[in-house]
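> Dropping the structure in here first, questions after.
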Amino acid sequence: MAILPILHFPDPRLRNQAQPVAKVDDETRALLDDMLETMYAAPGIGLAAPQVNVAKRVIVIDISEERNDPHYFVNPEILTQRGNEVFEEGCLSVPNIYENVERAAWVRVQALGRDGQPYELEADGLLAVCIQHEIDHLEGKLFVDYLSELKRGRIRKKMEKWRRHTL
Ligand code: NI
C-alpha cells in the first residue's frame, strides 16, 4: 500500500470526468487499498480517485469512529434519492474550509464492491452526504461549486496563498 498525493482546489485536474472501470481486477484493488490508506492518513472520511489524479469511477468511504468500516464503491450510481438536508462539508482537496451544502437526505446507491460484485446500499445522514460528495468528484464537481461565486473566489485565493506557503 502507498499514500498518494492529493490534488488541491483549484487544480484543473480535479475537473476531469472519471471513466467507468471495466473490470475490478488486482490493479483496481491496489488503487482502492492505496486510496483507503491515503484517506486514513489525511485524515478524511471519503476519497474519490480524481483527487489522487486517477480519472476512474472509484470511491472509498469510512465514517466510523474506529476507522475500521471501509466502504468501497466502483462505478457507483445513485438509483433513488429523497428529501433535503443541509450539512457542513469539508474536502481533502479544499483543506481547512467548511461550508453548508444542501443535498438529498436519503439515497439508494448501486456499485461494485472490492470483490467486483454488485451491491446496493441505502444511506442517510453523514453517509448519504459523503456518497453524494464523492460521486460529485467523479463528475469533476467540488462542494465549493454549490457556494456563491464570491465565496468560491475567496476560497480560491486562500488556497493559492496556502499553497505558496507550503511549497
Ligand atoms: Ni471531497
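The values are calculated or read from the model by the stated rules, or taken from the named source; none is laboratory data. This one's a predicted model, so the numbers in the text were calculated from it and none came from an experiment. Positions of Cβ are backbone-derived with ideal geometry, glycine not excepted, and every protein chain shown enters the neighbour counts.
> I need the strands (runs of 3 or more DSSP E) fully contained in the stretch 86-167, keeping only those with at least 3 residues that are at pLDDT 95 or above and at positive phi. Can you show your working first?
Values: elements: 94-103, 106-112, 118-124.
Answer list for the stretch 86-167: none.
> So for the stretch 17-30 (the condition being within 16 Å of the ligand (Cβ to nearest atom), in a strand (DSSP E or B) and either modelled with pLDDT under 95 or under 30 Å from Asn100 (Cβ atoms) (or both)), does at least one residue qualify?
no
> State all residues of the stretch 88-110 that are among the aliphatic types (A, V, I, L, M), farther than 17 Å from Ile63 by Cα and in contact with a Leu (Cβ under 7 Å, 6 or more places away or on another chain); if no residue qualifies, say none. Before the answer, list the steps.
Filtering the stretch 88-110 down to residues among the aliphatic types (A, V, I, L, M) leaves 92, 94, 97, 101, 104-105, 107, 109.
So of that shortlist, the ones also farther than 17 Å from Ile63 by Cα come out as 94, 97, 101, 104.
Across the stretch 88-110, the qualifying residue is only Val94.
> If you don't mind, there's one more thing I want to ask. Residues being buried (at least 19 other Cβ atoms within 10 Å of the Cβ) and among the polar types (S, T, N, Q): count how many of those fall in the stretch 26-76.
Looking only at that region, the number is 4.
Conditions (1) touching a Ser or Thr at 6+ places or on another chain (Cβ under 8 Å); (2) within 17 Å of Gly44 (Cβ to Cβ); (3) surrounded by fewer than 14 Cβ atoms within 10 Å (Cβ to Cβ); (4) of a type in the set (A, V, I, L, M), marked per residue:
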{"site": "Pro95", "(1), (2), (3), (4)": "no, yes, no, no"}
{"site": "Tyr98", "(1), (2), (3), (4)": "no, yes, yes, no"}
{"site": "Val109", "(1), (2), (3), (4)": "no, no, no, yes"}
{"site": "Gln117", "(1), (2), (3), (4)": "no, no, yes, no"}
{"site": "Leu127", "(1), (2), (3), (4)": "no, yes, no, yes"}
{"site": "Asp145", "(1), (2), (3), (4)": "no, no, yes, no"}
{"site": "Ile155", "(1), (2), (3), (4)": "no, no, no, yes"}
{"site": "Glu160", "(1), (2), (3), (4)": "no, no, yes, no"}
